[in-house]
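Taken together, the values in this text are just the output of simple stated rules run on the coordinates, not laboratory data. On a predicted model such as this, the values are computed, not experimentally measured, just so you know. Glycine gets a Cβ as well: all are built from the backbone with ideal geometry, and neighbour counts include every protein chain shown.
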Amino acid sequence: MTPVIAKTREELAAVRSGVRGTLALVPTMGALHEGHRSLLRRARREAGTVAVSIFVNPLQFGPGEDLDRYPRTFAADIEACAAEGVDIVFAPTPEIMYPGEPVVTIDPGAMGRIVEGETRPGHFAGMLTVVAKLLNLTRPDVAIFGEKDAQQLAMIRRMVADLDLPVEIIGAPTVREPDGLALSSRNRYLGEDERTTALALSRALRAGADAVADGPDAVRHAARKVLAEAEAAAPPLELDYLVLVDPATFTEVAGDHDGPAVLAVAGLVGATHLIDNVPLEFGKESLR
Ligand SMILES: Nc1ncnc2c1ncn2[C@@H]1O[C@H](COP(=O)(O)OP(=O)(O)OP(=O)(O)O)[C@@H](O)[C@H]1O
Ligand SMILES: CC(C)(CO)[C@@H](O)C(=O)[O-]
Ligand code: BAL
C-alpha cells in the first residue's frame, strides 16, 4: 500500500494524531537503497506504525559540499517505502523545515569537532538540530539509524541521553555490496576506477578486523597498510582519517584497550566523500 505522504507540519500532525500503539521513525535523506530498506524492515519489527522522513538537510552540509547535487529520487523512494510497508512518509521542503535561519541549534560539544566533525565542521550541529526537530515533530517511540554513520549514531545517543528525549535509539548493521563496499547514496557518484579505489576502505577495515587478536596497534597498522596502497593508486584515495575509537565517545583507544571499539575510516575518491567503519571487540586474553 502507498504510504500517507505528509509535506507540512500540519499534515504530519494530522496523521500522527491518528496513530495508535507504537511508532518507529527512520530518518533519511532519500535516494533509498538496500541499507535504508534494512532499517525500514527493522522498524517494522519494532513498532506497529512505521514513519520515514525524507529530507536533504541543508544545515548539515558545509560550503563546497554536495548539497545541490545530492541525489533526489522521490518517486522511487515512495515505491521502496510502499514495498516495505511504510505507513507514513514525512517529506518537507527546506522552507517548511526552516521558515527562517534557526537561531537556536544543538551544540554537539567537543565530540562534534573530532573525527568526522573535524573533516566536516558544523556537520554534527546541523545533523543533531534536524534530528531533534524530526523527533519532536514525529514523536516516535523508537528511531532507527545505521551503524554505517557510527559517529552520527553515537552523537544522537548522546543528545537523547543529555537532553532526556523520550525516544529509544536503535542502531542497525551496515549493509554492503558483495565486494564489501558499504552501500551509500553517494556511491552513484563513483566512476568505475573510482569505485575500485573506494573498495580499499572496506578492505582496510577487514584487514584491521583480522588483526584484532594482536591488539589495537596491530589493527591500526594492518588497516593503514591497505590505505597506503590506495593513496598511491590512480585515482588516489585522499584519506581524511583512520581512527580506532571508543564507540560511545569517538576518542582513540589505548594500545592495551580491552572491550568494544570502532575502526572508522573516511576519505575522498575523486569528489566523493566516503565513510565506513567496523565494530571490533578486544579481549585482554586474546592479546599475544
Ligand atoms: N549501507 C548502509 N547500511 C545500513 N544503514 C545505512 C547504510 N547507509 C546509510 N544507512 C543509514 O540510513 C540512514 C539514512 O542515511 P542517508 O540517507 O544519509 O544515506 P547514505 O546512503 O548514508 O547517504 P550518504 O551517502 O549521504 O552517506 C542513516 O541512519 C544511515 O546510517
Ligand atoms: C540522520 C539524517 C537523516 C539527518 O539529516 C542524516 O544525517 C542521514 O541520512 O544519516
Ligand atoms: N549519512 C550522513 C549524512 C551526511 O552525509 O550528511
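At-a-glance table
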quantity: Cα centre as origin, Lys/Arg/Asp/Glu Cβ charges: the chain dipole, Debye; calculated: 700 debye
quantity: Inter-label distance for Lys225 and Glu79, nm, one decimal - labels placed 7 Å from Cα along Cα-to-Cβ; calculated: 4.5 nm
quantity: Point-to-point label distance, Arg41-Ala248, nm (Cα→Cβ direction, 7 Å offset); calculated: 3.1 nm
quantity: Efficiency of FRET from Cβ geometry, Ser17 and Asp68, R₀ 41 Å, rounded to 0.05; calculated: 0.70
quantity: Scattering profile of the range 130-227 at q = 0.14, 0.18, 0.20, 0.22 Å⁻¹ [log10 I(q)/I(0), Debye over alpha-carbon scatterers]; calculated: -0.72, -0.93, -1.00, -1.07
quantity: DSSP H segments from the chain that extend 24 Å or more along their own axis, Cα-based, with Kyte-Doolittle mean of -1.0 or above; calculated: 192-210
quantity: Surface/4 of the Cα convex hull for the range 44-159, nm²; calculated: 8.0 nm²
quantity: Listed residues Leu183, Leu263, Leu163, most fluctuating in the chain (Gaussian network, C-alpha, under 10 Å); calculated: Leu163
quantity: Segment Glu34-Ala233, length gained on full extension (0.36 nm per residue, minus Cα span); calculated: 68.7 nm
quantity: Cα pair distances of the chain binned at 5 Å [whole percent]; calculated: 1, 5, 12, 15, 18, 17, 13, 9, 6, 3, 1, 0, 0
quantity: Pair Arg206, Tyr241: separation of 7 Å Cα→Cβ label points (nm); calculated: 2.6 nm
quantity: Whole-Å distance, taken between Cα centres, linking the range 68-85 and the range 31-49; calculated: 13 Å
quantity: Length added when fully stretched, Asp256-Val104, from 0.36 nm per residue minus Cα-Cα; calculated: 50.6 nm
quantity: Distance from the range 99-127 to the range 211-278 (C-alpha centre basis), Å; calculated: 23 Å
quantity: Relative contact order [Cα under 8 Å, 6+ residues apart], the range 18-100, whole percent; calculated: 37 percent
quantity: Size of charge dipole - the range 187-279 - debye, nearest 20, with Cβ of Lys, Arg +1 and Asp, Glu -1, no other charges; calculated: 240 debye
quantity: Estimated dipole of the range 133-288 in Debye, rounded to 20 [Cβ of Lys and Arg +1, of Asp and Glu -1, Cα centre]; calculated: 300 debye
quantity: Dipole of the chain, positive direction: furthest Cα of Gly255, Ala6, Leu40, with charges on the beta-carbon; calculated: Ala6
quantity: Ratio of Rg to Rh over the range 187-279 (Cα coordinates, Kirkwood Rh, two decimals); calculated: 1.00
